[in-house]
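The values are calculated or read from the model by the stated rules, or taken from the named source; none is laboratory data. Every value quoted in this text rests on a predicted model; they were computed, and no experiment measured them. Cβ atoms come from the backbone with ideal geometry, glycine included; neighbour counts cover every protein chain shown. These area figures cover heavy atoms from the full protein model, side chains too; ligands, DNA and RNA do not enter into them. Shrake-Rupley method; radii C 1.70, N 1.55, O 1.52, S 1.80 Å.
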Amino acid sequence: MNRLSLTLSRGIARVTESALGPYQSAVIRIGFATTWLLFLLREFPHRQELYGPDGPWGWDLAQQLTSDNHAFTALMWSDGQAWFEIFYLLAILASAALLLGWRTRTASVLFMVGVLSLQNRSVFVGDGGDNVLHLMSLYLVFTRCGQVWSLDARRAARGEAARVRGERVRPDRVGPVLWLVLGLVLVGATLAGRFDNGRLVPALLWTAWVGLGLWWAVQRRARSQEPRILLDVIANVLHNGALFVIMAEACLIYATAGWYKIQGSRWQDGTAVYYPLHLDYFSPWPALADLMSSSGTIMMIVTYGTVMVQVAFPFTLFNRRVKNVLLVLMMTEHAVIAVVLGLPFFSLAMITADAVFLPTSFLLLLGGWAARAWGRLARRGDGDLTLPPQRAPEESTPGRVGFTA
């Protein structure tokens, strides 16, 4: 009984004392923000047909659908062209801010609003990658995904270094101003009845806004450490819970996809992969598709291998070596899909979801390569663009990032 109690207490301490997987959460932040940003930029010339008020799926049709399914979309607040253009631009800026890790908590909320608003505006546009991005944008709001590889972490490291040297650190001005502006937008939207269609997203937005204000007030005004520690524990629990949900979601996607494939006759006879390669919509490189499908043996191996990998992956999480091998296979498969079938954003979204299972040692190695490449570019350019070294998140002083926690 004492051993069980000790194990339980250690587990509780681990979940509450630190935000687990800082590098994994940073990777999924960067990956999903990059996926959505590249999609918005690529479709910028076609934005009117996809999401505009005069597109094929018109504003009246979208209004009827959202009133029935109560899906949140800020694009239904107005049918004006100016509002659509402004919102599309804001969605691009929010994705870029999340990618860079600038005001990460606020950027993650704005990123979620952009993803939900555009996707719910035209639900018949996109593919399976949109569903993954839709869900992950919600989960990212609860994570502390800016602990490493972000401008927030860089600013926090510089502030901590200045405090160690005994220098005075300037108070944050941008965070409170951003918080005030977003509060005014929330109040205006609420009073105008823009949130009458649903309750979940508005409640999440108000909770995030109040939480950010409370965090800032405690960091600046609290006379003791207890309120700061309490808020830090709550943030850690939310982060760790969201990270677990992201991992479970990825496992569920592969498990359900694999078991559904088993029931299909084309997957059973080993020919399922052959047919998408010869559809005009999924054949950006017909010669490459013909080359791959020229061997029936290869098609059978790829078909059966896809099913086996997807079904087996959730069960391999208990064996690190096998899990890493399957991760390589799945990421390679998605990379091939991106090129051969012309689905780059679907593949990038799935690769990002897979990245949550990557080992920390590999991510540190990858980060080292990126830092050295950035250093070489900085030396070639003008000025000092090198990033200061960052301490591990577990060693940093909790509650010093202000609005970026």
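Can you name the residue in the range 149-169 that is under 23 Å from Ser108 (Cβ atoms) and not in a helix (DSSP H, G or I) and, of all such residues, is least open to solvent (accessible area, probe 1.4 Å)?
Ranking the candidates gives Ser150 first.
Does at least one position in the range 140-148 carry a residue that is open to solvent by less than 50 Å² (accessible area, probe 1.4 Å), part of a helix (DSSP H, G or I) and modelled with pLDDT of 95 or more?
Yes, the range 140-148 contains at least one residue that is open to solvent by less than 50 Å² (accessible area, probe 1.4 Å), part of a helix (DSSP H, G or I) and modelled with pLDDT of 95 or more.
Across the range 139-149, what is the total count of residues that are within 14 Å of the chain's Cα centre (by Cα) and within 17 Å of Leu364 (Cα to Cα)?
2
For the subset of the range 218-247 comprising residues that are surrounded by 12 or more Cβ atoms within 10 Å (Cβ to Cβ) and small (Gly, Ala, Ser), which member is nearest to Gln24 (Cα to Cα)?
So the residue we want is Ala242.
If a residue counts only when it is touching a Lys or Arg at 6+ places or on another chain (Cβ under 7 Å) and in contact (Cβ under 8 Å) with a residue 12 or more places away in the chain, which helices (runs of 4 or more DSSP H) contained entirely in the range 24-121 have at least 3 such residues?
Values: elements: 47-51, 59-69, 81-100, 104-121.
In the range 24-121, the matching helices (runs of 4 or more DSSP H) lie at 81-100.
Would you be able to tell me the number of residues in the range 290-321 that are in a helix (DSSP H, G or I), within 30 Å of the chain's Cα centre (by Cα) and loosely packed, with under 12 Cβ neighbours inside 10 Å? Outline the logic, then answer.
We begin by selecting, within the range 290-321, every residue in a helix (DSSP H, G or I); these are 290-293, 296-318, 320-321.
Restricting the remaining residues to those that are within 30 Å of the chain's Cα centre (by Cα) gives 302-303, 305-318, 320-321.
Now narrow it down to the ones that are loosely packed, with under 12 Cβ neighbours inside 10 Å: 318, 320-321.
Matching residues across the range 290-321 total 3.
Just to be sure before I move on: is Thr190 polar (S, T, N, Q) and more than 20 Å from the chain's Cα centre (by Cα) in the structure I sent?
Yes, satisfied.
Would you mind telling me which numbered condition in (1) loosely packed, with under 15 Cβ neighbours inside 10 Å; (2) assigned to a loop (DSSP other than H, G, I, E, B); (3) not aromatic (Phe, Trp, Tyr) Asp172 fails?
(1)
Can we say Ala289 is touching a residue at least 12 places away in the same chain (Cβ under 8 Å) and more than 20 Å from Ile351 (Cβ to Cβ)? Lay out the reasoning, then the answer.
Numbers: touching a residue at least 12 places away in the same chain (Cβ under 8 Å): yes; more than 20 Å from Ile351 (Cβ to Cβ): yes.
So Ala289 passes the test.
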